[in-house]
Amino acid sequence: MTTVAAIDIDGDAPTFAITGGEDAASFAINAATGVLAFVAASNAEAPADNSYAVHVSASDGKGSTALQAITVTVTNVDEAPLITSNGAPPPVLPP
C-alpha cells in the first residue's frame with residue numbers, strides 16, 4: 001500500500017513499528033522495510049468507513065524515535081465490465 005521512510009543522521013538502519021491510531025489493528029508494517037499494508041483487504045466497493053488512521057514510528061535503536069500519523073483513504077474505482085463465457089468454446093469466425 002505504502003512504504004514509510006526514515007533517514008538516520010548516523011546512518012543506522014531504522015526499525016519501523018505501528019504505535020497506535022484508531023485503526024492500528026487493520027494494518028501490519030514490515031519492521032525492516034517500512035512497507036505498510038492492510039492485514040485483510042479493505043472492501044472498496046462498500047466500505048463502512050473509507051478512512052483509516054494509523055500511527056507509525058521509526059527508531060534507530062539508540063533512543064531516537066520519529067513518529068508519524070498516517071491517514072489512509074480507500075476509494076472505489078469504477079472497473080470496466082468483464083465479459084465471461086458460460087463455458088462454451090469461443091465462436092469460430094468464417095474466413
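The values are calculated or read from the model by the stated rules, or taken from the named source; none is laboratory data. Since the structure is predicted, the reported quantities are computational estimates derived from the model, not experimental observations. All Cβ positions, even for glycine, are placed from backbone atoms using ideal geometry, and neighbour counts span all protein chains on display.
Points worth noting:
- If you check Ala25, Ala32 for being exposed (fewer than 14 other Cβ atoms within 10 Å of the Cβ) and assigned to a loop (DSSP other than H, G, I, E, B), only one passes: Ala32.
- Filtered by the rule that a residue be touching a Phe, Trp or Tyr at 6+ places or on another chain (Cβ under 9 Å) and of a type in the set (A, V, I, L, M, F, W, C), segment 6-23 gives Ala6, Ile18.
- Meets criteria (loosely packed, with under 14 Cβ neighbours inside 10 Å, of a type in the set (D, E, K, R) and modelled with pLDDT of 90 or more) for Glu45: no
- Whichever residue in segment 1-11 is farther than 12 Å from Ala32 by Cα and touching a residue at least 40 places away in the same chain (Cβ under 8 Å) and, among such residues, is surrounded by the fewest Cβ atoms within 10 Å (Cβ to Cβ): Asp10
- Pairing each residue of segment 38-52 that is under 20 Å from Thr3 (Cβ atoms) with any residue that is modelled with pLDDT under 75, provided the two are 6+ apart or on different chains, yields C-beta distances under 9 Å for Tyr52/Ser42.
- Residue within segment 3-17 that is in a loop (DSSP other than H, G, I, E, B), touching a Gly at 6+ places or on another chain (Cβ under 6 Å) and among the β-branched types (Val, Ile, Thr) present: yes
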